[in-house]
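Notes to accompany the following structure.
The values are calculated or read from the model by the stated rules, or taken from the named source; none is laboratory data. Every value quoted in this text rests on a predicted model; they were computed, and no experiment measured them. Neighbour counts run over all protein chains shown; Cβ positions are idealised from the backbone, glycine included.
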Amino acid sequence: MELNKSTQLLSQQRGVVLIVALVFLVALTAVAAALMQITTTDIKMSDASQDKVVASQEAISSIDQVVFDQINTGGQRNGFALPNTSFPLTPTVNAVDTTARIIVATPNNLVVECPHSELASSVQVFKCNALQVQITRKYGRTKTSTIQVTSGVSQQLLAQ
């Protein structure tokens with residue numbers, strides 16, 4: 001009689017173990033799916049951050065390229081020493097999806113006093129073109145985000 005009772009209890013518990021195992025399996029599957037979603041989002045955010053850093057570095061390098069190209073104009077004089085009426089310019093740069101502009105930084109296209117310098121010079125002999133090199137770089141998967149980097153250039157001129 002006792003053996004019959006324990007056999008009967010075991011047969012009743014077999015269904016309960018199956019249901020408990022299925023509940024745990026569903027819970028673990030939900031946790032795994034949530035972790036995969038979080039990982040995918042983290043990867044996308046990491047890629048976007050990397051794209052922005054690369055775009056920033058390319059924009060800074062483009063400023064260096066524009067300055068170098070203006071100063072070394074193939075044996076001619078320094079492009080930054082041109083009259084202010086020659087600006088704005090749109091020099092070409094090698095970086096993809098990048099545009100460059102050189103614009104006068106002073107109101108009314110004025111030639112201004114040079115910023116403080118440690119170079120010895122006579123008073124009122126040197127004036128400066130105050131210019132800005134402005135780089136705009138589009139980035140991202142759809143090229144809808146932009147980085148803009150601006151650098152100032154002060155080029156000494158002989159006063160006229």
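Worth pointing out:
- Qualifying residue in segment 104-118 (condition: surrounded by 11 or more Cβ atoms within 10 Å (Cβ to Cβ) and at pLDDT 90 or above): yes
- Top-ranked residue of segment 41-90 - restricted to ones that are surrounded by 17 or more Cβ atoms within 10 Å (Cβ to Cβ) and part of a loop (DSSP other than H, G, I, E, B), ranked as farthest from the chain's Cα centre (by Cα): 82
- Hits in segment 69-90 - residues which are among the charged types (D, E, K, R) and either in contact with a Phe, Trp or Tyr (Cβ under 8 Å, 6 or more places away or on another chain) or farther than 14 Å from residue 156 by Cα (or both): 69
Residue-wise test of (1) of a type in the set (S, T, N, Q); (2) under 30 Å from residue 44 (Cβ atoms); (3) at pLDDT 80 or above.
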{"position": "76", "(1), (2), (3)": "yes, no, no"}
{"position": "101", "(1), (2), (3)": "no, no, yes"}
{"position": "130", "(1), (2), (3)": "no, no, yes"}
{"position": "137", "(1), (2), (3)": "no, yes, yes"}
{"position": "158", "(1), (2), (3)": "no, no, no"}
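- If the condition is being surrounded by 15 or more Cβ atoms within 10 Å (Cβ to Cβ) and either of a type in the set (Ser, Thr, Tyr) or over 28 Å from the mean Cα position of the chain (by Cα) (or both), then segment 127-150 contributes 127, 128, 129, 136, 139.
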